[in-house]
Amino acid sequence: MPARRRPLLHPGGLLVGTALGVVALTPSLIPRTGVLQGVVSGVMLAAGYLVGVGLGLLVRPLARRTGRRLNGAAWTLLGVVVLAVSAVVGFLGFGWQADQAALLGLPAPELSDWLLAFPVALGVLVVLLALVRTVRALPRWPRRALGAVAVVVVAALAVSLAGVPGVDPARAVLERAFAAQNEGVFGGAAQPADPLRSGSPASLVSWQSLGRGGRTFVTTAPPAGALARAGGHPAVDPIRVYVGLDSSPDPRERAQLAVRELARTGAFARPVVGVVTTTGTGFADAEAMDALELAWGGNTALVGTQYSLLPSALSFLLDVDRVRDAGTTTYDAVRAAVDALPPGTPRPEVVAFGESLGALGSQAAFPTPDAVRSRTDGALWNGPPNSSALWHGLVAGRDPGSPEVRPVVEDGRTIRFGGGSVTPFLTTEPRAPWPDPRVVYLQHASDPVVWWSPSLLWSRPDWLAEPRGEDVLPAVRWYPLVTFWQVTTDMIRAQEVPYGHGHNYGPETLDAWMDVVPPPGWTPADTARVHAVQRVPVPTR
């Protein structure tokens, strides 16, 4: 009897792969384009296929004993089921994407774009399976060589992720690769002549040492006319201090140099000093800094330091200790300098700020709520990553009955959470008194940076067990493995949505700042005046 030809696809792999692939068509936090949906579903198809093949190996002995194999009719039925399920869930998926786009204020998706998801998913599956089969088909020695290379790469990543002191091969290679991006400026900015800016001729740090993020930091303050209109009085030239990586390899030396720059510019005579923890490449949120300066008519001082050359995603994986160290050392140095001012000297309010990875680093200076109350005059943290220690502890220990997307902690005694439509009402919700110092977390229910966690692989989070947030569809569900991958890819477009959604905080930051550290006698009418002046660039599409 002639041998049966081996089928091109494994039936168990096809079933499990299809199941994960179509589940990946369900909505998550950010609307997906057809191509991105194809990538999401394609990776899940491949992962499910491999799982199905593995399960098939476990049941192979039983199949051999029964002698049963799929015949042609069974394969036909399986193919029909796969196509029918994919078509039905694909149609539902298009509706979910349209609903989600409407909820976030985005244009409705085009059906022609959505249909691209299916060939892209199939292409991803074919490429990934072809790679696996190509490696399996190689002779022994090439396979062993590839295995050795994989071991070296994995070992380098493991050492880097483990944070072995003095040994960080992956980070060293990547920093050399990204070093060129630290050069130049955005928008053709030139070295400032203003002595109140780092990098000026009067500065203790050179223009060249600031790095690209630092040069942007010191040259993008609002113009005097905007400051005067927003503050309602003649403007004061704002102080912006920055110390880049090239100034010193040691974070404590950079922090002390920043303090000397603050002293040189007279920053400690200003009513507010804001300690800004930057993102991976040294950038800081321009709208947040502008908002504070506009409200105070420029009578502020902002200080930041650089700790990495890597983009935030890589810094999160490889530089997280440096992130926390930078946030702690810079804040501690500024706080110590203010505390050391002579008795009777007016002291500025020292406030902390960070967005995204910067929020993670900034919080590191405050291990507990009591530390926040005793060591700062206020803080604003936008879109904190889920792994932020202080945030995580606060949310886990929130008051009973309050949801994870809008937690209440200690009845709002010091720390309150806002975002979206809730931000302007932080002073009244919850209704308990809110004494100084005040701390605000801005977080959107649709921000994947806030909700991404490795535990999504195996555990349903509270934000998907409780009623959904105001800009998340009720149809969003948790699925093992799939939700982790969906939220991971959501981060790609998290800033490409309108303000008030995703990882895009924009004008909300002003309202939050005015809850944390308002000028004397400040009113909602004053906030409205600043909003009218505030520069709000169009988000990247």
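Out of all the residues in the range 479-495, which are in a loop (DSSP other than H, G, I, E, B) and surrounded by 17 or more Cβ atoms within 10 Å (Cβ to Cβ)? Those that are in a loop (DSSP other than H, G, I, E, B) and surrounded by 17 or more Cβ atoms within 10 Å (Cβ to Cβ): Tyr479, Leu481, Ala494, Gln495.
When the residues of the range 511-531 are filtered to those that are charged (D, E, K, R) and closer than 20 Å to Asp377 by Cα, the one that is least open to solvent (accessible area, probe 1.4 Å) is Asp515. Residues that are in contact (Cβ under 8 Å) with a residue 24 or more places away in the chain, touching a strand residue (DSSP E or B) at 6+ places or on another chain (Cβ under 9 Å) and assigned to a helix (DSSP H, G or I) do occur in the range 102-110. Taking residues in the range 231-243 that are part of a loop (DSSP other than H, G, I, E, B), and partners anywhere that are among the polar types (S, T, N, Q), the pairs with Cβ atoms closer than 7 Å and at least 6 places apart or on different chains are Val236/Asn299; Pro238/Thr300. Within the span defined as the range 279-287, every residue fails to be at pLDDT 95 or above and touching a strand residue (DSSP E or B) at 6+ places or on another chain (Cβ under 7 Å). Considering only residues that are β-branched (Val, Ile, Thr) and open to solvent by 60 Å² or more (accessible area, probe 1.4 Å), look in the range 86-131 and name the one that is nearest to Asp471 (Cα to Cα). Taking the candidates together, the pick is Val88.
Say whether the condition of being assigned to a helix (DSSP H, G or I) and open to solvent by less than 30 Å² (accessible area, probe 1.4 Å) is met by at least one residue in the range 276-284. No; the residues of the range 276-284 include none that is assigned to a helix (DSSP H, G or I) and open to solvent by less than 30 Å² (accessible area, probe 1.4 Å). Summed over the range 363-404, residues that are open to solvent by 50 Å² or more (accessible area, probe 1.4 Å), hydroxyl-bearing (Ser, Thr, Tyr) and touching a residue at least 12 places away in the same chain (Cβ under 8 Å) total 2. Every condition in (1) open to solvent by 10 Å² or more (accessible area, probe 1.4 Å); (2) assigned to a loop (DSSP other than H, G, I, E, B) is met by Pro407 except one, and the failing one is (1).
If only residues of the range 295-336 that are surrounded by 20 or more Cβ atoms within 10 Å (Cβ to Cβ) and charged (D, E, K, R) are counted, the one that is nearest to Ala512 (Cα to Cα) is Arg324.
Of all residues in the range 442-456, at least one satisfies being among the β-branched types (Val, Ile, Thr) and under 20 Å from the mean Cα position of the chain (by Cα).
Among residues of the range 337-362 being under 14 Å from Arg270 (Cα atoms) and not aliphatic (A, V, I, L, M), the one that is surrounded by the most Cβ atoms within 10 Å (Cβ to Cβ) is Pro348. Starting from residues that are open to solvent by less than 10 Å² (accessible area, probe 1.4 Å) and of a type in the set (D, E, K, R), keep the ones in the range 436-478 and report whichever is farthest from Gly93 (Cα to Cα). Within the range 436-478, the match that is farthest from Gly93 (Cα to Cα) is Asp447. A single entry from Pro234, Pro251 fulfils the requirement of being open to solvent by 30 Å² or more (accessible area, probe 1.4 Å) and farther than 15 Å from Ala337 by Cβ: Pro234.
The values are calculated or read from the model by the stated rules, or taken from the named source; none is laboratory data. Note that this is a predicted model, so its numbers are computed, not measured. Methodologically, a virtual Cβ is constructed for each residue, glycine included, from the backbone with ideal geometry; neighbour enumeration extends over all protein chains shown. What goes into the accessible areas is simple: the full protein's heavy atoms, side chains included, and nothing from ligands, DNA or RNA. Shrake-Rupley method; radii C 1.70, N 1.55, O 1.52, S 1.80 Å.
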